[in-house]
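One structure below.
The values are calculated or read from the model by the stated rules, or taken from the named source; none is laboratory data. None of these values were measured; they are calculated from a predicted model. Glycine also receives a Cβ, built like all others from the backbone with ideal geometry; neighbour counts cover every protein chain displayed. Side chains included, ligands, DNA and RNA excluded: accessible areas come from the protein's heavy atoms. Shrake-Rupley method; radii C 1.70, N 1.55, O 1.52, S 1.80 Å.
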Amino acid sequence: GFTRDRRFTENKVPSNAAADNATSSLQLVLAPTQSYDSSSAGFIADRDTNCNRTGWRGMKVPVFQTLNGKSLSSCESEFCHLSLTVDPTKDSVKVYLDGVNIATSSYQTVFGTTKPEEVFKTPSVFQNNSFRYDASSVNANSIAASKAGPSLDTFFTPWILGGGYTDGNPNGNFMGGEYNGKVSGLRGYLGCTRFYSRPLEDGEVLNNYNATQKFFKNIDLS
């Protein structure tokens, strides 16, 4: 998601003060998270290089920087085609904007895996203390309301697209805990989403963009 959290933009300790998290430093971040307890989740420290937790696992793409002729800032004024490929066999994670590869990172570095092609540890087992946030089962005025939101099923954490796991929290906070922001950057506005069973090649991503761009590039946003 899009963030100006200075843990990613400046490698500094977190702060909830708006002045400490400059909008000019906005970045698109792909970051693994982990459950801290039954009411909060958080980012994973890059302990291989920094034991003081001022470095975090993830991939960062500056929003206001032009990369291969494209800039993520264009998403502010028009619909864009954003693609992500994750390929453990090639140790790569790629981000594409309107069919153009604008950033590439190491799969192992982003997710903190220790072996080539190792699957990153996606939450897959429901525990009694797993982070759970079910709005339908709590009173909005109760303390338990701070844990309201999407329910877990028996085995898997649900996918949430264009929003955040705790967006229903009446007190704000993106992932619970002391820090982690107030609201999802996309606010639920996604026009179309596709999942593929294998990483797409550069030409396939570009072909998808060329085949669909007329459906969203001509929309009058005024």
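Hey, Arg7 hits all of (1) crowded, with 18+ Cβ neighbours inside 10 Å; (2) assigned to a strand (DSSP E or B) but one; which does it fall short on?
(2)
Can you find, within region 58-94, the residue that is nearest to Asn11 (Cα to Cα) among those that are open to solvent by less than 80 Å² (accessible area, probe 1.4 Å) and at pLDDT below 90? Even if it seems obvious, please write down each step before you answer.
Looking only at region 58-94, we keep the residues that are open to solvent by less than 80 Å² (accessible area, probe 1.4 Å), and these are 58-59, 61-63, 67, 69-75, 78, 80-81, 83, 85-88, 91-94.
The next check asks that each one be at pLDDT below 90; those that pass are 75, 78.
On the way: Cys75: 25, Glu78: 30 Å.
If we take residues in region 58-94 being open to solvent by less than 80 Å² (accessible area, probe 1.4 Å) and at pLDDT below 90, then Cys75 is nearest to Asn11 (Cα to Cα).
So which residues in region 67-91 are in contact with a strand residue (DSSP E or B) (Cβ under 9 Å, 6 or more places away or on another chain) and either without any contact (Cβ under 8 Å) to a residue 60 or more places away in the chain or outside any strand (DSSP E or B) (or both), if there are any at all? Lay out the reasoning, then the answer.
Narrowing region 67-91 to residues in contact with a strand residue (DSSP E or B) (Cβ under 9 Å, 6 or more places away or on another chain): 67-72, 74-75, 80-87.
Once the filter is applied, which keeps residues that are in contact with a strand residue (DSSP E or B) (Cβ under 9 Å, 6 or more places away or on another chain) and either without any contact (Cβ under 8 Å) to a residue 60 or more places away in the chain or outside any strand (DSSP E or B) (or both), region 67-91 yields Leu67, Asn68, Gly69, Lys70, Ser71, Leu72, Ser74, Cys75, Cys80, His81, Leu82, Leu84.
Please identify the pairs in which a residue from region 15-26 that is over 14 Å from Asn180 (Cβ atoms) has its Cβ atom under 9 Å from the Cβ atom of a residue that is of a type in the set (Val, Ile, Thr) and assigned to a helix (DSSP H, G or I), counting only partners at least 6 apart or on another chain.
Going by the 9 Å Cβ cut-off, the qualifying pairs are Ala22/Thr9; Ser25/Thr9; Leu26/Thr9.
Which residues, taken from region 191-201, are over 16 Å from Pro88 (Cα atoms) and surrounded by 12 or more Cβ atoms within 10 Å (Cβ to Cβ)?
Gly191
Go through (1) open to solvent by 30 Å² or more (accessible area, probe 1.4 Å); (2) part of a strand (DSSP E or B) for Gly42 and report which single condition fails.
If we test Gly42 against (1) open to solvent by 30 Å² or more (accessible area, probe 1.4 Å); (2) part of a strand (DSSP E or B), just (1) comes out false.
What pairs can you find where one residue is in region 188-217 and touching a residue at least 40 places away in the same chain (Cβ under 8 Å), the other is among the aliphatic types (A, V, I, L, M) and open to solvent by less than 70 Å² (accessible area, probe 1.4 Å), and their Cβ atoms are less than 7 Å apart, with a gap of 6+ or different chains?
Once the first residue is touching a residue at least 40 places away in the same chain (Cβ under 8 Å) and sits in region 188-217, its partners that are among the aliphatic types (A, V, I, L, M) and open to solvent by less than 70 Å² (accessible area, probe 1.4 Å) give Pro199/Val86.
Failed condition for Leu186, given (1) of a type outside the set (D, E, K, R); (2) within 17 Å of Glu78 (Cβ to Cβ); (3) surrounded by fewer than 15 Cβ atoms within 10 Å (Cβ to Cβ); (4) at pLDDT 80 or above, with all others met?
Against the list (1) of a type outside the set (D, E, K, R); (2) within 17 Å of Glu78 (Cβ to Cβ); (3) surrounded by fewer than 15 Cβ atoms within 10 Å (Cβ to Cβ); (4) at pLDDT 80 or above, Leu186 comes up short only on (4).
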